[in-house]
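Read through the structure below, which is laid out as structure tokens, and then see the notes.
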Amino acid sequence: MAKRDPAKTARNKRIKDMSKQLRDLLPTVLADTGFKDEASLNAKIGGKADEFIDLKNEVIHSPTDYAAKYCAGFKKHLGRKGFFKSSYDELYESLNGSKAGQQYMMLFLERSYLKHFEELSKHRPKVEEAAIWIGQNAADYGLLVTPRFSRGDWENDQSEIRHFKPKYWSIGHVMKTGLVVPGTKKVLTFDSVEQYLDFFEVVIVRHSKSKYQIEIAERYREFVLAAEDPLSVPLLIPELRHGGRDAKHRYRLDFCIIDSTTLERIGFEFSPSSSHTAITATKSKTQKQINEEVAANFAKEMDKHKAYFKKFGIFVFIYTDKDLADMAAVFDDIAKLLTPAETQQQLNFHVLDSFFDNK
């Protein structure tokens, strides 16, 4: 049996308590405001949410912040018709004249937030960031948030990105969507976390022929399978393609992690001298020629990392020979990003305090 999420259990308990409080307030609110029943009152308050808050793009971290944003948006709609009262003005006046009505509205809004916590509290990737491509040329795969096959290729269903349940770019993400094969309707799905990790190690990482990537993949597998909740572990994304699906892309990044909360991208690049800066046929070259080649190789490496940052905002950790002598330490760096901390957002309490004109 799957282990219960204590945070979700606490939210459900809070929602239940709030519902009881709302029922207790309801008779007084209906008498004060003139609404005929609970359904019409709730519809009037709840139906305005998407007008007052940019629900597609706002990231809201608490019930109070949700209510504050609702109130801020509400006030912008008041008094727009001059001498004529709008439905917004009428709703405001009916609630403004009732202490119970004000309590009801705030409690209703906070409950609404808790009911939709998963979709409202997380950053949502922009359309252009909601698809990544990994792997070698002619052997690449796509990981999308809400994949659909349209007009001969894969794209995201933009309207559903907000409602995506798993943590973005996590093990749970790839288990939900699978990996798409470009240009065909084929999707690689995985029946278990172990099956995905097999694919990760044997198909993607093994083809890189890098002993360093292979060792990190093995350590990542152990980390995921030992995790209390493997589905919530961020993906260690292998062979991220710099140019997306462009067959002429210049570079692939060894590994990348995308924080599911902040969507920050951190890359890891292994740069041993044997494959990244080695100079061949040195006996036939002058010292000047060797120095020029060394400088050119270094410049090429730096151009690669600058391009990742400038185009995709990916900061890259670079590991050279000295670092790669201790792969346990390298994975320790990676592991710190596999258990990201939650972020907090300052709340706008002052908006709530001054919303109604109570004397």
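Just so you know, all these numbers are worked out from the coordinates, no wet-lab data involved. This structure is a prediction, so every number in the text was calculated from the model and none was measured. No Cβ is skipped: glycine too gets one built from the backbone with ideal geometry, and neighbour counts run over all protein chains shown.
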Study note, to complete from the structure: Output ordering of 38-45, 323-330 (per-residue mean of other Cβ within 10 Å, highest first) is 38-45, 323-330
Practice item. Mind running the shape call on segment 6-121? Use the C-alpha gyration tensor, a ≥ b ≥ c as the square roots of the eigenvalues: rounded below 1.5 for a/c, prolate if a/b tops b/c, oblate otherwise. Key: oblate
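Could you put Thr189, Thr28, Thr33 in order, starting from the residue whose Cβ has the fewest other Cβ atoms within 10 Å?
On the way: Thr189 12, Thr28 15, Thr33 21.
Ascending number of Cβ neighbours within 10 Å: Thr189, Thr28, Thr33.
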Practice item. Just report the Cα centroid separation between segment 166-238 and segment 77-123, whole Å. Key: 44 Å
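Using the Cα centre as the reference, give the magnitude of the dipole from point charges on the C-beta atoms of segment 1-146 (Lys, Arg: +1; Asp, Glu: -1; all else neutral), rounded to the nearest 20 debye. Don't jump to the answer; show the numbers that get you there.
Numbers: 25 positive and 20 negative charges, 85 e Å.
The calculation lands at about 400 debye.
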Check your understanding: HN-Hα J couplings of segment 179-189 from phi, Karplus 6.51/-1.76/1.60, θ = phi - 60°, integer Hz, Gly and Pro as x?
Key -> 10, 8, 9, x, x, 9, 7, 6, 10, 8, 10
**Study point:** Derived scalar couplings ³J(HN,Hα) [segment 158-168; Karplus, 6.51 cos²θ - 1.76 cosθ + 1.60; whole Hz; x for Gly, Pro]
**Key:** 4, 5, 9, 4, 4, 8, 4, 7, x, 5, 4
